[in-house]
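The values are calculated or read from the model by the stated rules, or taken from the named source; none is laboratory data. Quantities reported herein were computed from a predicted structural model and do not represent experimental measurements. Here Cβ is always computed from backbone atoms with ideal geometry, including for glycine, and neighbour counts include all displayed protein chains. The protein model used for the area step is the full one, side chains on, heavy atoms only, and it has no ligands, DNA or RNA in it. Shrake-Rupley method; radii C 1.70, N 1.55, O 1.52, S 1.80 Å.
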Amino acid sequence: MSRLLRIPAVILACVFLFWTGHVSAQPVDGILTPDQLTRYTQVRLTTNLDHLSDSQKTMLKHLIAAAGEMDAAFWYQAFGRPTDIEFESELLHKHFHANYGPWDRLRDNQPFLPGFGPKPAGANFYPYDMTREEFESHLEAHPESAEALKGLYTFVRRGEAGELRAIDYSVVLKRNFEAAAGHLRTAAGHAEDKQFAEYLRMRADALLSNEYRASDMIWMDMKSNAIDCVIGPVETYEDQLFGYKAACTCYLLIKDQAWSERLGKYAALLPELQKGLPVEERYKQEEPGTDSDLNAYDVIYYAGDCNAGSKTI
């Protein structure tokens, strides 16, 4: 289902730091000029909530709390556990938060803090000393481990003998996922749309079981929910080594009813619009469904992967 997001603003990353330890590499001097440090600005995300009931507004509070847990989980996936870093200025500290680590995402992940080298291509999804060749050689020698090691929802770590092994997100990120699942279930109790409530409960189960397909499918089928929440491991862009690993994220969305109604008429026209595309017929074999959705949303909260550096639309 297509989702058209209408973004009213950009917000500086908000982070929750709980752990110790972090990704480190060969030291370099990463000095940014003041104008490079001020490319981000903090803007409050707002939308009209007058049409929401008190129960729905309570639900939003729990969804935001769940989003905070995804934020912490993404910190671990992208960087590690950042609590022992000293910053020369508050501006540098904010830049670190906006980028979820010491690598500037708008400058090809160049390090901007002394003591850090280039960002590992595999972020914290894989052992920092693991090479692409080692991974592929391991799969060739142990093909039975390929599904788990290449899985969307597993970390790759070393065993006692240095061998590669897969560990489910639900195990490594247990504390954050259990907390998020609790908030999602509480939020479901305040949801007025039955299908959305079921989605939230199924998503909570998915975080604990490492099985996401069922909750993905019910999300695709939702039609009438005025509030939407995309939460959990979704996109794989953070894994620049193989693109296998899904990063934790959360969008909290309020449906713009007026704009969604305006866009709705185009969904019914998709088959005719496709016929008019100026390309050869062989490129128009897929039949677009007339039940496709085109909706507009205001994003009122970003967390995790979608909040890293520039905001995802």
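Checked against the criterion of being among the aliphatic types (A, V, I, L, M), within 22 Å of L60 (Cβ to Cβ) and in contact with a His (Cβ under 9 Å, 6 or more places away or on another chain), the range 146-165 contains not a single residue that satisfies it.
Pairing residues of the range 84-99 that are farther than 20 Å from A123 by Cα and open to solvent by less than 90 Å² (accessible area, probe 1.4 Å) with residues that are at pLDDT 90 or above and not in a loop (DSSP other than H, G, I, E, B), at Cβ distances under 7 Å and at least 6 apart in sequence or on separate chains, gives F87/F96.
Selection of the range 198-235 for residues being open to solvent by 10 Å² or more (accessible area, probe 1.4 Å) and part of a loop (DSSP other than H, G, I, E, B) yields N210, E211, K223, S224, A226, V234, E235. May I ask you to list the residues in the range 236-286 that are within 11 Å of the chain's Cα centre (by Cα) and exposed (fewer than 14 other Cβ atoms within 10 Å of the Cβ)? Passing the criteria: only Y237.
Residue pairs whose Cβ atoms lie under 9 Å apart, sitting 6 or more positions apart in sequence or on different chains, and linking a residue in the range 114-140 that is closer than 19 Å to G159 by Cα and exposed (fewer than 13 other Cβ atoms within 10 Å of the Cβ) to a partner that is of a type in the set (A, V, I, L, M, F, W, C) and modelled with pLDDT under 95, are Y128/V23; Y128/A25. Residues in the range 100-113 that are open to solvent by less than 50 Å² (accessible area, probe 1.4 Å) and at pLDDT 90 or above were compared, and the one that is nearest to the chain's Cα centre (by Cα) is Y100.
Residues in the range 236-249 that are among the β-branched types (V, I, T) and part of a loop (DSSP other than H, G, I, E, B): how many? Qualifying residue count, the range 236-249: 1. The number of residues in the range 287-313 being part of a loop (DSSP other than H, G, I, E, B), closer than 21 Å to N225 by Cα and open to solvent by 20 Å² or more (accessible area, probe 1.4 Å) comes to 7.
Tell me, please, whether a residue that is at pLDDT 95 or above, of a type outside the set (A, V, I, L, M) and assigned to a loop (DSSP other than H, G, I, E, B) can be found in the range 134-149. Yes, because at least one residue in the range 134-149 is at pLDDT 95 or above, of a type outside the set (A, V, I, L, M) and assigned to a loop (DSSP other than H, G, I, E, B).
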